[in-house]
1. Failed condition for A132, given (1) in a strand (DSSP E or B); (2) surrounded by fewer than 17 Cβ atoms within 10 Å (Cβ to Cβ), with all others met?
2. Applying the selection to the range 182-197, what residues are within 27 Å of the chain's Cα centre (by Cα) and not polar (S, T, N, Q)?
3. Of I210, I164, I158, I145, which residue is at pLDDT 95 or above, over 24 Å from A224 (Cα atoms), of a type in the set (A, V, I, L, M, F, W, C) and in contact with a strand residue (DSSP E or B) (Cβ under 9 Å, 6 or more places away or on another chain)?
4. Within the range 103-114, can you find the residues that are farther than 21 Å from S56 by Cβ and either in a loop (DSSP other than H, G, I, E, B) or touching a Pro at 6+ places or on another chain (Cβ under 6 Å) (or both)?
5. Which of the residues that make up the range 48-89 are on the phi > 0 side of the Ramachandran plot and exposed (fewer than 13 other Cβ atoms within 10 Å of the Cβ)?
6. When the range 49-85 is examined, which residues are found to be small (G, A, S) and not in a helix (DSSP H, G or I)?
7. Regarding Q178, is this residue assigned by TED's automatic domain parsing to the domain that holds Q59 and among the polar types (S, T, N, Q)?
8. Find the strands (runs of 3 or more DSSP E) located wholly in the range 151-228 whose residues include 3 or more that are among the aromatic types (F, W, Y) and touching a Ser or Thr at 6+ places or on another chain (Cβ under 8 Å), and list them.
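The values are calculated or read from the model by the stated rules, or taken from the named source; none is laboratory data. Since we're looking at a predicted model, the values are computed, not measured. Cβ sites come from the backbone with ideal geometry, for glycine too, and all protein chains shown count toward neighbours.
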Amino acid sequence: MSQTVRSAPPKKKQHSKVPWLVWLLVIVFVALWWSLYQSKWFIAQEVVITGNSRLSVEQISATAAVPIGNSLMSINPGIISEQLEALPEIKIVTVERGWPHAILITITERTPIAVAATVSGYNLIDSEGLNAGTVPAPPAGLLIISAQPDSPAMTNAIQALAAIPAQWAITGLSAPTQDSVVATLGNGAVVTLGSGERAADKVEVAQALIEKGYTVINVSAPDAPTVK
């Protein structure tokens with residue numbers, strides 16, 4: 001009895017899907033790149049500025065130099081921030097892309113609390129002793145401090161000023177060095193505070209001596225003050 005042996009049917013070749021996935025990813029990447037960098041969908045058309053008061057929109061815009069008409073993705077917010085931080089009036093700045101057509105700039109300005117005279121005018125000084133801008137004349141109500149802006153001397157003068165009570169009605173504050181802050185009071189008394197360290201303690205000791213009638217007081221070492 002004979003038996004026929006049949007060969008098994010050939011197996012179908014399975015093609016890898018990886019090349020198609022690679023091409024798909026390439027197509028998606030190119031489409032995304034084109035839409036972000038080359039299309040008209042995400043073009044910078046305006047600059048939105050908030051938080052400014054002393055600086056004008058025109059001043060900020062000129063310094064920011066945002067390339068209107070370029071794609072948002074090609075604009076570097078970090079570079080714009082660095083350019084704006086060069087303005088002494090600005091304390092903090094945040095630059096963001098505002099999709100689909102804007103650059104958003106948020107400003108926090110330095111608040112001047114005193115003034116320092118310079119060769120060309122007056123520097124506004126903030127609570128950290130830093131230059132907060134330049135003005136041709138001192139604004140009313142701000143004390144003129146005789147100290148170099150953006151220096152340890154000015155920092156110590158500002159620390160001392162923060163501790164001085166309103167009743168002293170000081171007419172002058174000088175700091176030739178960081179350890180030689182001197183306040184001239186409205187009644188003519190002169191108080192040498194030294195550095196800005198322990199300013200509150202120094203003012204408390206000086207106040208007690210003022211009440212005793214002394215007019216020349218040195219509280220550089222508040223635990224061992226001297227008077228004349």
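1. With (1) in a strand (DSSP E or B); (2) surrounded by fewer than 17 Cβ atoms within 10 Å (Cβ to Cβ) applied to A132, the lone miss is (2).
2. G196, E197
3. Only one candidate qualifies: I145.
4. As a first pass, look at the range 103-114 and keep what is farther than 21 Å from S56 by Cβ: 113-114.
If the condition is that a residue be farther than 21 Å from S56 by Cβ and either in a loop (DSSP other than H, G, I, E, B) or touching a Pro at 6+ places or on another chain (Cβ under 6 Å) (or both), then I113 is the only one that fits.
5. Selection gives A65, G69.
6. Once the filter is applied, which keeps residues that are small (G, A, S) and not in a helix (DSSP H, G or I), the range 49-85 yields G51, S53, S56, A65, G69, S71.
7. Taking the combined requirement at face value, the residue does not satisfy it.
8. By residue number, no strands (runs of 3 or more DSSP E) qualify.
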